[in-house]
Amino acid sequence: MKKVSNWVWACAALVYAFLYLPLIIVVLFSFNDSNLNAEWVGFTFKWYEMLLQDEVMIEAAMHTLIIGFITCIVATVLGTLAGFAMYKWRLRLLPALVLTPIAIPEILMGVALLIFFVMLNMTLGLVSITLSHIAFCIGFVAIVVRSRLQGMDESLVEAARDLGASPITAFRAITLPLIMPGIIAGALMAFTLSIDDFVISFFTAGVGSNTLPLEIYSRVKVPMKLNPEVNAVSTLLMLLTLSLILVVSKVAPSALRAGD
Amino acid sequence: MKKLLLALSLLAGMAQAEDVLHVYNWNNYIAPETVKRFEKECKCRVVQDYYGAMEEMLAKLAAGAKGYDIVVPTGFAIPPLVKQNLTQPLDKAKVPNLKNVNAAFLNTEFDKGNIYSAPYSFTTTLVGYNDKKIKELGIDATSWAVIFDPKVLAKIKGKVTVLDDSRELFAAALMYNGYSANSTNPAEWKKAAETIKAAKPYWAAFNTQSYIKELTVGNIWVAHGYSNDMFQANQDTKAAKRPFGIGYGLQKQGNTLSLDSMVVLKNAPRPDLAHRFINFMLDGKNSSELTNMIGSGNPNAAAAQFVQPEIKKISAVFPDANSMKGLQQLKDLQGKQLRDLNRLWTEVKTAK
Amino acid sequence: MNNRLAKWLISGPPLLYLLLFFAIPSAIMAFAAFRFPGDYGGLLPLVEVNPETGAREVLINFGNYADFLTWENFQRFFEEPIYIELFLKSFWYAGITTGVCIVLAYPLAWLIARSSKKTRDLLVLMVILPFWSNFLIRVYAWMIILGPQSYFSQVLNRVLAVFGIEPVSLLFSQFAVIIGLVYVHLPFMVLPLYANLEKHDMALLDAAQDLGANAWQRFWKVTWPLSLPGVWAGTALVFIPALGMFAIPDLLGGTNSMMIGNLIKQQFLDSRDWPFGSVLSIMLTLSVLLMAAIAAWAGSRGKAKK
């Protein structure tokens, strides 16, 4: 193997610094005893304490979790079916419908869903957000599941069939356990995408249905006061996603890359 | 994390047992103390959402936002709400305090007989400025030139914000050009749009929400905004012991006056709480708190005795008969006019 | 079990869901581009409730379609040069973002591809990790860094003052928007590029060196052409989402940093002109398709060469 030159190392180190510095600053300022986000004054936990009493933020966190769980369950079921169908048969419409929402800028889907829900005279809120989240998460789950299926040894299923197992039994006994890591990874991914989503929620949210990202946006957009609280909630959110990622990387390391 | 989750589950239990009133109001237009007292009195929780411009509120409601009980539109936004069948008539038996409102602010052309709306407070739209900087630079802030004239703006480039509000900004540009704030003459609108485009490169941002803070911190020296916000910014500079204050006054070419009223929405989940809230806010003492805390103009006659005399003296907050002459309320635009204005607005926002 | 039945049972539910919550809404949006805006927002209604009978009446028929359908919204897009200019500007932003991403991603991807297997996974994880924090947090972090009171701005302005240059405000500028766009999209460039570089045959570089090529020549004549498929894949992953971004210009931009996304958002949430918003959305979709096609074509051409 050829040695990487020092120049490359230096450049790469700078880029890593570029990637991490901003987030480190957010975390540091979440412990900073000043509400200006400008200079270090002293260490404090008060923004976290404030956060625990901030009903609006906690309600937004609740919404985010509820939407995330429901999205995760429904999108995993539908996405697994889609991934399996795409692996098993040559389909035209389904792959297009599964992949397009991932490929186009999110704002397009947000706007289309907004018109759709308003046309149906549906009250925008948790339900409309959840329905929208499911729609864009299906694709991610489907891709992860399909790639897992593609890596699977088909001969195992054939062997089971030769030994007299029905297709359903073969699926339950062989295929499902084999692709389970993919499904779990897909589910976690759907959950993460949902709790992280801003753009589509922005267009499909209604009264009193703010999610955490929406709440963060409105506070960041209107920097009146309480900004360090945003640092605190951001830090907690990073911790949460970080732990989710650790779980994913344990369950199915390949899934981390499949989503990108 | 555990603690947070615990708090979450506790709150989930609480939220269901509570009565909740949803208020959709201008940002920075109610004192938190007032909200707390109302919550105590009605044993309910007030959930607030905010907007920075009438267009934003109307667009949000047109885009299907449901679930608010009360909105606080400026006069010209009442007719569109009524015509879209979004409002419900006030049950006057439940708002006896409506009698407290100064007759001059009742029965406006926007809502004859106040069938739908109860006046909340009023503001003037004007220029607020960092008094030290403006004095140093020798700029005259009593003219709209301070936000529109490139010659003046050259000295304060990047230190100016204007309202992200098509009606207010166009009104200011129209008045700067010597036209009526309510002109619908396409040629005059065009001229106003040119004025805005010429001044735009000097502005730091279109800002309806955070100029109070930007002024207080000193990032911005001149802001187009509402009188109560400037009052607030000035209070904040004092509290933060800044070496400057925020000055504000009416412009010689004229200003807009916004009378903001409370309206109960047709599909309000809790019209009962909404009426209680309106009646509460029309109480002289409570209404005066609004003025004393946030510096808004007060249409409530019963509040007058509780309003701090220093605030009454500020002509931008309580315009005297003479300055009243220069003030105009914006009128409702319809159909094609509205579309044309929106197009011009898109154009100026997009222009370089 | 019947294979056809199984096929429908399995592919049916996701298909139905996506038809209902993706295909149909998109079609409705496309249709909305040909309609008139309603007087107070939304769309001019096609169906009206008769106030007397309470019955719903369909207002549109073949005879009066001109009252309900129009090319006007498209005309407006093409007549006013500002809209095309805004599109070009958004392309420009997305293009610069992509370019900066390539420059930043290359050394990183190279380092990762040339590391030992063990460090490689760690380095890849380190690229992905910040990308898993919420998008808004990452943008917000830059609001702090570029804000006028930040150490960074102060130091920079002091340095500029030494050279007699007037202080600049970093936040709320086009510069800030580009930084935000690059920061948010960088991992999308690193990963495909790394996946490509990893596959390169190092013997080629050795051969080039033996033939007397210097480091620059080796990169430019060997590595770069071979990495083009990775570059194009990354370009598609960076350029397309960057093109439709609205939150970053919203939070980091000034009065002159609007992008297509902001204009679309404005039509729906401010100006109440849904049909024009739909026109803009269609145009954005077309731009995206065009870009995707270019990237796919260029990428496959690179592969064919190899």
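Name every residue in region B:304-319 that is out of contact with any Leu (no Cβ under 8 Å at 6 or more places or on another chain) and surrounded by 10 or more Cβ atoms within 10 Å (Cβ to Cβ), in order of residue number. Step through it out loud before you land on a result.
As a first pass, look at region B:304-319 and keep what is out of contact with any Leu (no Cβ under 8 Å at 6 or more places or on another chain): B:304-314, B:317-318.
Matches in region B:304-319: B:Ala304, B:Phe306, B:Val307, B:Gln308, B:Ile311, B:Lys312, B:Lys313, B:Ile314, B:Val317, B:Phe318.
The sole residue among A:Glu55, A:Glu59 that is modelled with pLDDT of 85 or more and of a type in the set (Asp, Glu) is A:Glu59. Within region C:247-263, being at pLDDT 90 or above and of a type outside the set (A, V, I, L, M) holds for C:Pro249, C:Gly261, C:Asn262.
Taking region C:251-306 as the range and being among the basic types (Lys, Arg), within 11 Å of another protein chain (Cβ to nearest Cβ) and open to solvent by 20 Å² or more (accessible area, probe 1.4 Å) as the test, only C:Lys265 passes. Applying the criterion of being farther than 20 Å from B:Met175 by Cβ and in contact with an Asp or Glu (Cβ under 8 Å, 6 or more places away or on another chain) to the residues of region B:248-269, the residue that is surrounded by the fewest Cβ atoms within 10 Å (Cβ to Cβ) is B:Pro269.
If you filter region C:238-250 down to residues that are assigned to a helix (DSSP H, G or I), closer than 11 Å to C:Phe135 by Cβ and within 9 Å of another protein chain (Cβ to nearest Cβ), you find that the one that is most open to solvent (accessible area, probe 1.4 Å) is C:Pro241. Residue-level check: of (1) modelled with pLDDT of 90 or more; (2) open to solvent by less than 10 Å² (accessible area, probe 1.4 Å), B:Asp272 misses just (2).
Residues that are free of Cβ contacts under 8 Å to residues at least 60 places away in the same chain, of a type in the set (Ser, Thr, Tyr) and either open to solvent by less than 30 Å² (accessible area, probe 1.4 Å) or more than 23 Å from B:Thr74 (Cα to Cα) (or both) within region B:141-200 comprise B:Ser183, B:Thr195, listed in sequence order.
Residues in region A:175-205 that are more than 30 Å from C:Leu136 (Cβ to Cβ), among the aliphatic types (A, V, I, L, M) and surrounded by fewer than 20 Cβ atoms within 10 Å (Cβ to Cβ): A:Leu176, A:Leu178, A:Met180. Only helices (runs of 4 or more DSSP H) whose full extent lies in region B:271-340 are considered here, and the ones with at least 1 residues that are closer than 22 Å to B:Thr108 by Cα are B:271-282, B:284-294, B:321-324. Is it fair to say B:Asn207 is touching a strand residue (DSSP E or B) at 6+ places or on another chain (Cβ under 9 Å), modelled with pLDDT under 90 and surrounded by 23 or more Cβ atoms within 10 Å (Cβ to Cβ)? Considered against the rule, which asks whether it is touching a strand residue (DSSP E or B) at 6+ places or on another chain (Cβ under 9 Å), modelled with pLDDT under 90 and surrounded by 23 or more Cβ atoms within 10 Å (Cβ to Cβ), B:Asn207 comes out as yes. Remark: pairs (first residue in region A:228-243, at the interface with another protein chain (Cβ under 8 Å from one of its Cβ atoms); second residue among the charged types (D, E, K, R) and open to solvent by 20 Å² or more (accessible area, probe 1.4 Å); Cβ separation under 7 Å; 6+ apart in sequence or on different chains) = A:Val230/A:Arg219.
Among the candidates A:Leu193, A:Leu124, which residue alone is assigned to a loop (DSSP other than H, G, I, E, B) and touching a residue at least 60 places away in the same chain (Cβ under 8 Å)? Exactly one residue qualifies, and that residue is A:Leu124.
In region B:320-338, is there at least one residue being surrounded by 20 or more Cβ atoms within 10 Å (Cβ to Cβ) and within 14 Å of another protein chain (Cβ to nearest Cβ)? So that I can check it myself, show each step before the final result.
First, pick out the residues of region B:320-338 that are surrounded by 20 or more Cβ atoms within 10 Å (Cβ to Cβ): B:330, B:338.
Now drop any that are not within 14 Å of another protein chain (Cβ to nearest Cβ), which leaves B:338.
Yes; the residues of region B:320-338 include at least one that is surrounded by 20 or more Cβ atoms within 10 Å (Cβ to Cβ) and within 14 Å of another protein chain (Cβ to nearest Cβ).
If you check A:Ser155 against the conditions, is it of a type in the set (S, T, N, Q), farther than 30 Å from C:Leu43 by Cα and free of Cβ contacts under 8 Å to residues at least 24 places away in the same chain? Before you say what the answer is, go through the steps one by one.
On the way: of a type in the set (S, T, N, Q): yes; farther than 30 Å from C:Leu43 by Cα: yes; free of Cβ contacts under 8 Å to residues at least 24 places away in the same chain: yes.
Taking the combined requirement at face value, the residue satisfies it.
In this structure, C:Trp232 qualifies as assigned to a helix (DSSP H, G or I), open to solvent by 20 Å² or more (accessible area, probe 1.4 Å), touching a residue at least 40 places away in the same chain (Cβ under 8 Å) and of a type in the set (Phe, Trp, Tyr).
Per the listing C:Ile145, C:Ile128, the residue uniquely open to solvent by less than 10 Å² (accessible area, probe 1.4 Å) and assigned to a helix (DSSP H, G or I) is C:Ile128.
Among the conditions (1) in contact with a helix residue (DSSP H, G or I) (Cβ under 9 Å, 6 or more places away or on another chain); (2) farther than 21 Å from C:Ser169 by Cα, the only one that B:Ala187 does not satisfy is (1). Across region C:131-140, which residue is surrounded by the fewest Cβ atoms within 10 Å (Cβ to Cβ) among those that are at the interface with chain A (Cβ under 7 Å from one of its Cβ atoms) and in contact (Cβ under 8 Å) with a residue 12 or more places away in the chain? It comes out as C:Phe135.
Scanning region A:116-169 for residues that are farther than 30 Å from A:Thr204 by Cα, open to solvent by less than 60 Å² (accessible area, probe 1.4 Å) and within 11 Å of chain C (Cβ to nearest Cβ) yields a single hit, A:Ser166.
The residue list B:Lys92, B:Lys60, B:Lys135 contains one member that is at pLDDT below 95, farther than 22 Å from B:Lys325 by Cα and within 14 Å of chain C (Cβ to nearest Cβ), which is B:Lys60. Restricted to region C:162-174, and to residues there that are in contact (Cβ under 8 Å) with a residue 24 or more places away in the chain and surrounded by fewer than 22 Cβ atoms within 10 Å (Cβ to Cβ), the residue that is farthest from C:Gly95 (Cα to Cα) is C:Leu170.
The values are calculated or read from the model by the stated rules, or taken from the named source; none is laboratory data. None of these values were measured; they are calculated from a predicted model. Virtual Cβ from ideal backbone geometry, glycine too; neighbours counted across all protein chains shown. Areas reflect the complete protein model, heavy atoms only, side chains present, ligands, DNA and RNA absent. Shrake-Rupley method; radii C 1.70, N 1.55, O 1.52, S 1.80 Å.
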